[in-house]
1. Going by Cα centres, the stretch B:168-192 and the stretch A:126-150 are how many Å apart?
2. Rounded to the nearest 500, what is the 222 nm mean residue ellipticity of the protein assembly as shown from helices alone, with -39500 (n - 2.57) per DSSP H run of 4+ residues and division by all residues?
3. Whenever you get a sec, line up B:Met63, A:Met36 from highest to lowest accessible area (probe 1.4 Å, protein heavy atoms).
4. For helix B:265-290, what angle does its Cα long axis make with the longest principal axis of chain B, in degrees from 0 to 90 and rounded to 10?
5. To the nearest 10 square angstrom, what accessible area does A:Cys42 show with a 1.4 Å probe?
6. With the solvent-accessible surface defined on protein heavy atoms using a 1.4 Å probe, which residues belonging to the stretch B:184-222 display a reduction of at least 40 Å² in accessible area in the multichain context relative to the isolated chain?
7. Given a 1.4 Å probe and heavy atoms of the protein chains only, how would you sort B:Trp284, B:Trp172, largest accessible area at the top?
8. Please report the accessible area of B:Ser256 (heavy atoms, 1.4 Å probe, ligands and nucleic acids excluded) in Å², nearest 10.
Amino acid sequence: MSNERTITLRVNGREERGRFPAHRTLLEALREIGHMEVKCGCEKGDCGACAVLVDGMAVDSCLTLAWTAEGAEITTVRGLGDLESLHPVQQAFADGGAAQCGYCIPGIVIAAKAIIDEHPEPTEDDVRLGLSGNLCRCTGYTKVFEAVSEAAAVIRAGRSGQ
Amino acid sequence: MYAPFELEMPGDLAGALDALAAGRDSKTVPIAGGTNLIVDMRAKRERPDRVVALGEVGELRGMDFGAERISIGGRTTVTDLLRSPEVAEAAPSLIESARLFAGLMVRNTATVAGNIACGSPAADLVPPLLSLDADVTLASAAGTRTVPLDEYFLGYKRDVRRPDELITRISWPRLPVPSVNTFYKLARRKGDAITVTGVALTLCAAGGTCTKARIALGAVAPIVLRARQAEALLEGRALTPALIDRAAAAAAAASSPIDDVRASAGYRLHTVEVLTRRLVSRAWDRFDRQGDQGTAASAAVPAHEVTAQRRAGSDGRSA
Ligand SMILES: Cc1cc2nc3c(=O)[nH]c(=O)nc-3n(C[C@H](O)[C@H](O)[C@H](O)COP(=O)(O)OP(=O)(O)OC[C@H]3O[C@@H](n4cnc5c(N)ncnc54)[C@H](O)[C@@H]3O)c2cc1C
Ligand code: FES
Ligand code: FES
């Protein structure tokens, strides 16, 4: 039966294989192959904890079928940077104390990266509307919004060679 | 976790239509962004045997901006709309709707055809498209037909689409100059909220009279619908505050809202009237100010001003 097959997912630049049925979501598949940094919150598109980049676009992996992501470049929060070399967005969240329990943060960092890619100089509205698909039950969002603006400034400064 | 299904991923439109035609005896459904279908499968409202993924079907992408008509592929995403300056010019209401649609990740995958096909009265792209006199092109292995969006919905989550048909394109005529095309989404908050009341308006004017009016109402009836009586009151006349009041009342009379977790029926009736009056008055003022020189433009409050207004307590609730 064609209902299960082995697929190759390209995650954070590495090819990884897994055998999945057709109804497996990308969220489930990523966690099955060890990407526990991708979080499962609501499984219905409301919370954004499961956000990853698929070919540079932020998507909810809980609303994506794993098979359809074969061949795409998938980036999780780990793919942006690790403890030795944090991505400016990750650094800004750490410096600004923008994470509390941290459960929402992998998804928020992914969405923040996508917002800054599209709006290098984001307005407050760009940040707020851009993060409206990410729920955080701890921070109250203020420090999150500040961290995104700070990260955008750092990235702009980096581009202009300062 | 939801029930297993077979998944087909055809590489072109012919393949997708064949897969749907072959699935006539089973429950076969297309999936585009999956932002409705996967949620519905998880909630066990949908239990397909076979799912046909449209992601590789190139014919469903792409937008055409002709001199007379605009045509967009069914797989156009909400983000594709937002990134298109041509859509912003040709359909301001669609952009206003897209800006306040869901959250970033859902906007990146949710499609226009999926929004129409889901049949929800709260589908936010439908009132703008209805206000633009859009047509929907349906294709099956047996052929292609085009239906006015106005005749597409039959009742709550019921439409004219056969299970073996796909929405391939959505098209609408260019707006005449001058005209105003706008959409207002009233919801409990700006970001990622289901619409309480949605009103889309197209107003055209010439020589001091209103030559055309389209008023489309979302989330206040079993389907998205046009307020035809209100439109008829405005067309062919110079608009006065009294006339606009009557049209607003007629729009409320056309709606048949229900109470739900988001708002009461009474609140919805009230806000249909307020929003219709406000959008029509603003559009008409704009013609006055510009001496009929306006272009196809939106008279709505820019989204970033809405927050400020809400804080000042001047949203639909207090108008
Ligand atoms: C968190 C969240 C927030 C949301 N917010 C909003 C919002 O603010 N406003 C709003 O209007 N909606 C909202 N939605 C609903 C949903 O995102 C939209 O209706 C979206 O446009 C559906 O498109 P899709 O491509 O994801 O459809 P899918 O889920 O892929 O499909 C939906 C239905 O359409 C059918 N279908 C898909 N493509 C075609 C086609 N080409 N031809 C024929 N049938 C087709 C499918 O079989 C299915 O029945 C939200 C959803 C979520 C999860
Ligand atoms: S787990 Fe995907 S959006 Fe909540
Ligand atoms: S930090 Fe706890 S949910 Fe966001």
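The values are calculated or read from the model by the stated rules, or taken from the named source; none is laboratory data. Only a predicted model underlies this, so the values are computations on that prediction, with no experimental measurement involved. As a convention, Cβ positions derive from the backbone with ideal geometry for all residues, glycine included, and neighbour counts pool all protein chains shown. Note: accessible area is taken over every heavy atom of the protein model, side chains too, but ligands, DNA and RNA are not part of it. Shrake-Rupley method; radii C 1.70, N 1.55, O 1.52, S 1.80 Å.
1. Cα centroid of the stretch B:168-192 versus Cα centroid of the stretch A:126-150: 27 Å apart.
2. Values: 18 runs with 167 residues, N = 481.
Taking each H run of at least 4 residues, the total per residue is -10000 deg cm²/dmol.
3. Values: B:Met63 55, A:Met36 95 Å².
The ranking, largest first, comes out as A:Met36, B:Met63.
4. Compared with the principal axis, the helix lies near 60 degrees.
5. Ignoring ligands and nucleic acids, A:Cys42 comes out at about 40 Å².
6. For the stretch B:184-222, once contacts with the other chains are taken into account, B:Asp192 lose 40 Å² or more.
7. Numbers: B:Trp284 25, B:Trp172 0 Å².
Result, largest first: B:Trp284, B:Trp172.
8. The value for B:Ser256 is about 60 Å².
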